[in-house]
Every structure is written in C-alpha cells, then in structure tokens.
Amino acid sequence: MTETTTNATLFEQLGGEAAVDAAVDIFYRKVLADYRINRFFNGVDMDTQAAKQKAFLTMAFGGPANYSGKDMRDAHARFVKMGLDDSHFDAVMENLVATLAELNVPQNLIDQVDAIAQTTRADVLGK
Amino acid sequence: MTRIKFGEHTFETEDNETVLKTLLRNNMQAPYGCKAGVCQCCLMRSLDNAPPEKSQVGLKDTQQKQNYFLACLCQPENDMTVALPNTKSAWLEAEVIEKTDLSTNIIFLKLKSKEPLAFFAGQFVNLRRDDGVIRSYSIANSHNAEHALEFHIRILPNGQFSRWVADELTIGRTLSLSHAQGDCHYVEGKTEQSLLLIGTGTGLAPLYGIIRDALSTHNHQGEIHLFHGSHDVTGLYLEEKLTVLTQKYPNFHYTPCLSGKVNDEKYTQGRANDIALQKFPKLNGWRVYLCGQPEMVNNAKKMAYLQGASLSSIYADAFIY
C-alpha cells in the first residue's frame, strides 16, 4: 500500500456540500450545452432540474442519497422511450469527469466518483 | 433548550435536536425529504430571530436575508417563531394615496399600508378587492418610513382587476394587501458586482425598484445595465425618468429596445433579451434579474446560465397576465 489511509469519507474529502454546489453549476451548464444530450432537457424547469442534478452529484460524491434505484428508473423511463441509451449516459459521465477535472479534484477521487455514478447506469437506462 | 413556536403551538427542543425533529416528534405536519440539507423540501422561515447560518447553506442569499432555513439542519440557538414558506398570513389594509397614468395603458398606483410592512423593492404582494378578486403585483420602490408601495399596473382589455383599478379605484379607497413575497430583489454586499436587468412590459416595475434600491439605498458601485423591451414606444413608459437616472449615476446604463418598427436612433431594434445577451456574452460573476413575459424569462434564464452566470445569481420573475 503506497496510499495513506484516511478516515475521512469521500464526501468529506471532496469538500462536502459546498463542493457539490460548485460542481452542479459547472456540470449542469456542460450538460445543457452538450448537443449530444441537451434535447432531453428541453422545456424542463431549470431550478427543479438543478436540484435533481444536485441530488445526483451528492450521491455520486458519496454523500447522502435521497432516492432509490426505482426512483431513478421511473424518472428516466420516458427518456428511454425517446432513445436514451449508453452513448448518452457516457456523454453525461464525460461531462461529470470534466467538471471534476476543472475543479482540480485529484484523479483517485474522480475515479471513485465515476465508479459510484456508474452504478446508476442500469436503472437510468431501464435495463 | 429553546422554544419553537409553530402556528398555535409552542414546543421545546431537546438536546441538539433540529427544528424538523422537534416538529415531527410533536406530530406536526412538516414536509421533508433527505433530512440532509440537500433537497430543500423542509424549507421554513423564521418570523422573528435569525436562524443559525449553518441551517441556510445552499439557499439563495435573498432567502437567507428573509430568514429562510432548512428545518433538518437547524439546531436553534435562540427561540424562534417558524412557519412553512407558503403559509398565507393575515391581510393588511392599505389606502390609495396616488394614481396617475404612466402611459395609455399603464397606471401608477401608490398605496400606503396602515400597518408597518417589511419588503424589498422587486418583491411582489397580492392585492385583494372587497369581493375577493386577487392579483399579484411587483413593488417598484424601496422600503420607506411611510410604508408606501408603488405599482405599475397594466390595463388589460378584459382585465377584471386592472380595469377596475383604471375605472373605479379612487384616491382614499382601501384594499387588502398581502405580505411581500418572492426573492427577486437587491441584496446588500458585493457592491462591485455587475448587474444585468432585462424586463419586458411592466416587468420594468420590479427592476426599477431594484435599480433605485441599488443606486440610492446601497450606493452600488458596479455597472448596472438595464434593457427594457416593448413592442412600440408607448410601452417605454419610464424613458424620461430612466434617462435622468443615467445622467445622475454614471454606472447606470439604460437601453430601450423595440421589437416593432424603430424610427428613432435612440432605440435599439430587437428583443431586449437577445440584445442584452449578445452584448454581454460572458456573465461569469454577474448578477442577473429577469422580469416579464414567461417565455422571455425562461429563455433568458437558460441563456444567462449558459453564458456563465451561476444559477444562484439569476433572479427571475415571470409575469402571467
């Protein structure tokens, strides 16, 4: 083991609530500006959507999750009908990783966030 | 131990207990979701003492100023009287003290509340006439000692309330007034920040209030850019006053925009939101206020965000006629 072990949770290491707020602003802007996926966000209320993005990022950051896999599945069902597939999920993940890199998050923490977010793939895509 | 007053009830908190926990333990109906300060479902407001700062994390600064807090994070340090955000409170009585025409179809109405009333320019109140018809109007002036509120009321051809204001409401008459609501208002601090304000029609009313609040009450130093849009010149109903304001304050800039025909070079042709957002493609660090037609407000909100304004710095008020 070369890595020092620490008792701080991933959420704490990332900077907690304040870090989520900083990330949401950048992440959601990237998503809305991404031509590959932004059609899924047409006509949605931005504040509501930003709150959802915040809940998602909080979960991916290892913080408290306030929704279940079933919630995730139900919420995305209509997008699956519109053609939501792995390529779109990958695009979102790309934006998430780019956001963290922009915030100078160390690569080992980015990898952990990535791994947690990936666990939602099956539910999001209704598989 | 502190006391929490909620409606008719008063509860004592136990050690380190949150307001949410106190309410739930006493079988009160209080909404909540994550219990972790994330979802904001348990948003409440203190009507007296300021809540601990920790319980206001993630709220807009306008909400913080109005003592909103998240019940799940709030371990009260002082006694508090708390309420749910949309609890309808008592109506106040107000008297009409001034009524004049701002243009052919916009009326300036000034009311004086008979009781002290806390508000910020740009917030809105509900006005209710005796038969119960209620309409919301934005406040166009800053808080003042005489508790007077100014409104710009657009007369709609079949407007039940606005036609009554135009035809029947006279000076000296009274009507009912709600407490001020909404978070579209100026916030103290950051006086160097650039402000972008875009309004269509009487969406100018709250913006005019915010601008005067910023300039004369708070001595705002940053640049303030107002874009007011109308179809034709009759809708640019504060042109004169705003032009005078630009002469008095060099950091205030006013761009009147006409979406219809333009016969005078002092007006810019096009939609106010398009013109403003083209002129300022980078809005990082700006504060943005958007008031008027819902379509304009929603589009401009998205564009301002994509151009760099953070979501918590965009204040929007969509007018539904």
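The values are calculated or read from the model by the stated rules, or taken from the named source; none is laboratory data. Remember, predicted model here, so these are calculated numbers, not experimental data. Here Cβ is always computed from backbone atoms with ideal geometry, including for glycine, and neighbour counts include all displayed protein chains.
Do we have B:LYS110 as closer than 23 Å to B:LEU215 by Cβ, modelled with pLDDT of 95 or more and not assigned by TED's automatic domain parsing to the domain that holds B:ASP213 here? So B:LYS110 passes the test. In segment B:24-48, the qualifying residues are those that are in contact with a strand residue (DSSP E or B) (Cβ under 7 Å, 6 or more places away or on another chain) and within 29 Å of A:VAL20 (Cα to Cα), and the one that is surrounded by the fewest Cβ atoms within 10 Å (Cβ to Cβ) is B:GLN40.
Is it true that B:HIS228 is more than 14 Å from every other protein chain (Cβ to nearest Cβ), within 19 Å of B:GLN193 (Cβ to Cβ) and surrounded by 16 or more Cβ atoms within 10 Å (Cβ to Cβ)? It is false that B:HIS228 is more than 14 Å from every other protein chain (Cβ to nearest Cβ), within 19 Å of B:GLN193 (Cβ to Cβ) and surrounded by 16 or more Cβ atoms within 10 Å (Cβ to Cβ).
Inspect all residues belonging to segment A:64-87 and state whether any of them is free of Cβ contacts under 8 Å to residues at least 12 places away in the same chain, within 12 Å of chain B (Cβ to nearest Cβ) and among the hydrophobic types (A, V, I, L, M, F, W, C). Yes, segment A:64-87 contains a residue that is free of Cβ contacts under 8 Å to residues at least 12 places away in the same chain, within 12 Å of chain B (Cβ to nearest Cβ) and among the hydrophobic types (A, V, I, L, M, F, W, C). Restricting attention to segment A:33-49, which residues are assigned to a helix (DSSP H, G or I) and either within 17 Å of A:HIS76 (Cβ to Cβ) or aromatic (Phe, Trp, Tyr) (or both)? Answer for segment A:33-49, where residues must be assigned to a helix (DSSP H, G or I) and either within 17 Å of A:HIS76 (Cβ to Cβ) or aromatic (Phe, Trp, Tyr) (or both): A:ASN38, A:ARG39, A:PHE40, A:PHE41, A:THR48, A:GLN49. Being part of a loop (DSSP other than H, G, I, E, B), buried (at least 16 other Cβ atoms within 10 Å of the Cβ) and within 14 Å of another protein chain (Cβ to nearest Cβ) is a condition met by at least one residue of segment B:63-81. Between B:LYS60, B:LYS21, the distinction of being closer than 30 Å to B:ARG135 by Cα, among the charged types (D, E, K, R) and buried (at least 17 other Cβ atoms within 10 Å of the Cβ) belongs to B:LYS60 only.
Checking every residue in segment A:99-106 against the condition of being under 17 Å from A:LEU14 (Cα atoms), free of Cβ contacts under 8 Å to residues at least 12 places away in the same chain and assigned to a helix (DSSP H, G or I) gives at least one match. When B:ALA318 is tested against the conditions (1) touching a residue at least 40 places away in the same chain (Cβ under 8 Å); (2) surrounded by fewer than 22 Cβ atoms within 10 Å (Cβ to Cβ); (3) among the aliphatic types (A, V, I, L, M), the lone failure is (1). Among the residues of this structure, B:ARG271 counts as one that is modelled with pLDDT of 95 or more, basic (Lys, Arg), within 22 Å of B:ALA304 (Cβ to Cβ) and over 19 Å from the mean Cα position of the chain (by Cα). The criterion of being within 14 Å of chain A (Cβ to nearest Cβ), under 24 Å from B:HIS179 (Cα atoms) and touching a Pro at 6+ places or on another chain (Cβ under 9 Å) does not hold for B:CYS34.
Taken over segment B:274-298, the criterion of being within 12 Å of chain A (Cβ to nearest Cβ) and under 19 Å from the mean Cα position of the chain (by Cα) is satisfied by B:LEU290, B:PRO294, B:GLU295, B:VAL297, B:ASN298.
The set of residues in segment B:37-53 that are facing chain A (nearest Cβ under 8 Å) and free of Cβ contacts under 8 Å to residues at least 24 places away in the same chain comprises B:VAL38, B:CYS39. A count restricted to segment B:3-48 and to residues that are modelled with pLDDT under 90 and touching a Lys or Arg at 6+ places or on another chain (Cβ under 7 Å) stands at 1.
Counting only residues that are in contact (Cβ under 8 Å) with a residue 24 or more places away in the chain, more than 8 Å from chain B (Cβ to nearest Cβ) and over 12 Å from the mean Cα position of the chain (by Cα), how many does segment A:13-29 have? Qualifying residue count, segment A:13-29: 5.
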